[in-house]
Amino acid sequence: MALREILKLPDKRLRLVSEPVKRIDAGIRALVADMFETMYDAPGIGLAAVQIGVAKRVVTVDLSKKDEAQEPRVFINPEITFASAETAIHEEGCLSIPEFYEEVERPLQVKVKYLDLDGKAHEVEAEGLFATCLQHEIDHINGVLFIDHISKLKRDRVIKKFTKAAKAEKTTKKKVEA
Ligand code: K1U
Ligand code: ZN
């Protein structure tokens, strides 16, 4: 298991459309173990493989509370098969856009089909935070970020802020190396 670096806005790799997993092998199991370690360390309630630079359709989720037993869930090749017309507004955050939170409107309920780590097919019905989190993570594997669902004004502002921070970090790194 290894703690992996989480890509941050404006890293272009966050816009890649992830490839379906063809075979669930030792490589995928190691990837999932790294994703859980990285997600729990962040901490976060979800993570898509593309956020650690692996453009494969793999998602981890754990909605358990701090004082509860962990409930790790893995979704391989997840697909939304149903989305309700009724919507809900939730405040969202993203480990790739740290310390930025905004309300997002999405379908209240979704059904998601996916494979588990044994390659077994499942379909889950989700509502509330679980539905929000699954939609957020499925967006990630399609190269979509939650800021794509907010106003252009707010989106442009946050992209500008993170682009400036990334440039400053690059300059500092160059100075240290020189
Ligand atoms: O995909 C990600 O970037 C992870 C993201 C998932 C998410 C959060 C909120 C709504 C939808 C999807 C996060 O986990 S951000 C961190 C966070 O929300 C959190 C962290 C610790 C405890 C509770 C929440
Ligand atoms: Zn995210």
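The values are calculated or read from the model by the stated rules, or taken from the named source; none is laboratory data. Quick caveat, the model's predicted, so the values are computed rather than measured. Quick reminder, even Gly has a Cβ in these numbers, built from the backbone with ideal geometry, and neighbours come from all protein chains shown. The area values use the complete protein model at the heavy-atom level, side chains included, leaving out ligands, DNA and RNA. Shrake-Rupley method; radii C 1.70, N 1.55, O 1.52, S 1.80 Å.
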Residues of the range 143-178 satisfying the condition of being open to solvent by 90 Å² or more (accessible area, probe 1.4 Å) and more than 24 Å from Thr132 (Cα to Cα): Lys160, Lys161, Lys164, Lys167, Glu169, Lys170, Lys173, Lys174, Lys175, Val176, Glu177, Ala178
The range 1-15, residues that are farther than 22 Å from Ala166 by Cβ and either within 15 Å of ligand 2 (Cβ to nearest atom) or open to solvent by 60 Å² or more (accessible area, probe 1.4 Å) (or both): Met1
Selection within the range 44-96 - open to solvent by 10 Å² or more (accessible area, probe 1.4 Å), of a type in the set (S, T, N, Q) and in a strand (DSSP E or B): Asn77, Thr81, Thr87
Hits in the range 112-138 (condition: buried (at least 19 other Cβ atoms within 10 Å of the Cβ) and farther than 17 Å from Ile89 by Cα): Val112, Tyr114, Leu115, Ile138
Filter result for Leu129 (in contact with a Cys (Cβ under 9 Å, 6 or more places away or on another chain), touching a residue at least 60 places away in the same chain (Cβ under 8 Å) and within 13 Å of ligand 1 (Cβ to nearest atom)): no
Hey, Glu102 without any contact (Cβ under 8 Å) to a residue 40 or more places away in the chain and within 14 Å of ligand 2 (Cβ to nearest atom) or not: no
Answer residue from the range 16-32, given it is assigned to a helix (DSSP H, G or I) and exposed (fewer than 14 other Cβ atoms within 10 Å of the Cβ) and is farthest from ligand 1 (Cβ to nearest atom) among those: Ala26
Residues located in the range 97-111, provided they are loosely packed, with under 13 Cβ neighbours inside 10 Å and either over 19 Å from Val144 (Cβ atoms) or aliphatic (A, V, I, L, M) (or both): Glu99
